[in-house]
Every structure is written in structure tokens, then in C-alpha cells.
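Peer 1: The structure is given below, and queries will be raised subsequently.
The values are calculated or read from the model by the stated rules, or taken from the named source; none is laboratory data. These numbers were taken from a predicted model, which means no experiment stands behind them. Virtual Cβ from ideal backbone geometry, glycine too; neighbours counted across all protein chains shown.
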């Protein structure tokens, strides 16, 4: 069983009292908060608020279920060790978490990667690559850009600088986790990118998740 298949299986095992959507949402929320707070040097009000958010979610599940969430956290790293892809977007759809009645679908990864290839053009490294993704979803196009660069023999980690924004916290958590695992320097923002585009020093920190690479660390 692949890491991705095991995550789907574990989501379905945990589901019962909660829908697959809720289990998936709680999985990515706790994972994102754990990554963010693990690289936060200052245990300030924001850190304490995120610790409380994590604890509030965790209390809804049994110790055995929390162990399964921990296993899923490790498995997403294993998935990226095998290959680069929009793993969480694919897991979201395969686990039955997708809210089709709300029109929630994630772009198939091969289309995201094709779009990234067009955007990158003949870029083969050297200069910084600054990407601004105003409707990031799970980060598929950003991941696709990293994938294309790696295929060209380019180390994308020191080159890519990203600002990704989405109105939906679910998408923000998914994007943040995947860019963190890939070691991409990114600021992931929750908010309406048309009405309130990200502005350094203006956007409230509670709406921002900074990847470990952005904070000078790797996980």
C-alpha cells in the first residue's frame, strides 16, 4: 500500500461519528498547526492560540484515533519522498472528503504541472523565482513548478519564493503542509485576494502561515 493509499484508508477508519470531510479537515489543520508552531521561536499569543486550536481539535478523538492522525502526518512526508505531486489534493478527492455539491474540486495534478511549465517557460535556475498564487487551492501549480525545476536538474529550494493565498482555510492548510514538506520558502495567507491581498506588515499574523524554509528552518 502506498503512503497515499494508507492515508485514505486511515481517514475512512476514523470516519464514523464524523464525516470523511471533517476527518480530513482536522487532519490537515492539526498537521499545519503542528508544523507552524514547531518552528516558532517565540511562544507568544499567536503560538498559544494555535496550540489551543490544536488541542480543541484533538479532544474530539480517542487516543487510538490520535495515533492514526500521527501516522498520517508521517505518511505525507513519505509520499513526497516517493515523488512530487499534489498528494493532499488527490487524497481529498479519493477519500470521499470532496464536497461536490459545493463545487469543491481540486485541479488534476497533470494540468497544474502543465500550467506551471508554461508559466516557467525556459527557466533553468540561477535567478530567484517569485511566484504569487492568489487562489492557491492545495498548492498544485506551485508544486508543479518545483517538480518541473527538479526534472530540469535545478534545486528549487533556494530559488523559489512564494506568496500563496486562498479564502478557504482548508486550502490554506493543505497548501502550507505541502510547501513546508517540499522545503519551499512560502507565506500562505487566508483571505480574499481581491478585497484584501497580502501586504507585509498589514495582513494580520493570525491569517498567515510561514513555512519552515521562510523562517530559516527545514523539517
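Peer 1: Would you be able to say whether some residue in the stretch 155-175 is within 29 Å of residue 122 (Cβ to Cβ) and without any contact (Cβ under 8 Å) to a residue 24 or more places away in the chain?
Peer 2: Within the stretch 155-175, one or more residues are within 29 Å of residue 122 (Cβ to Cβ) and without any contact (Cβ under 8 Å) to a residue 24 or more places away in the chain.
Peer 1: Okay, next question. Could you say which residue among 218, 170, 195, 209 is within 27 Å of residue 74 (Cα to Cα) and modelled with pLDDT under 95?
Peer 2: 218
Peer 1: Hey, among 153, 183, which residue is outside any helix (DSSP H, G or I), surrounded by fewer than 24 Cβ atoms within 10 Å (Cβ to Cβ) and modelled with pLDDT under 95?
Peer 2: Only one candidate qualifies: 153.
Peer 1: Could you tell me whether any residue of the stretch 64-84 is outside the structural domain of residue 145 (by TED's automatic domain parsing), closer than 20 Å to residue 184 by Cβ and touching a strand residue (DSSP E or B) at 6+ places or on another chain (Cβ under 6 Å)?
Peer 2: no
Peer 1: Return the only residue of 217, 171 being out of contact with any strand residue (DSSP E or B) (no Cβ under 6 Å at 6 or more places or on another chain) and crowded, with 22+ Cβ neighbours inside 10 Å.
Peer 2: When all the criteria are applied, what remains is 171.
Peer 1: Would you mind telling me which numbered condition in (1) in a loop (DSSP other than H, G, I, E, B); (2) touching a strand residue (DSSP E or B) at 6+ places or on another chain (Cβ under 7 Å); (3) at negative phi residue 137 fails?
Peer 2: All conditions pass for residue 137, except number (3).
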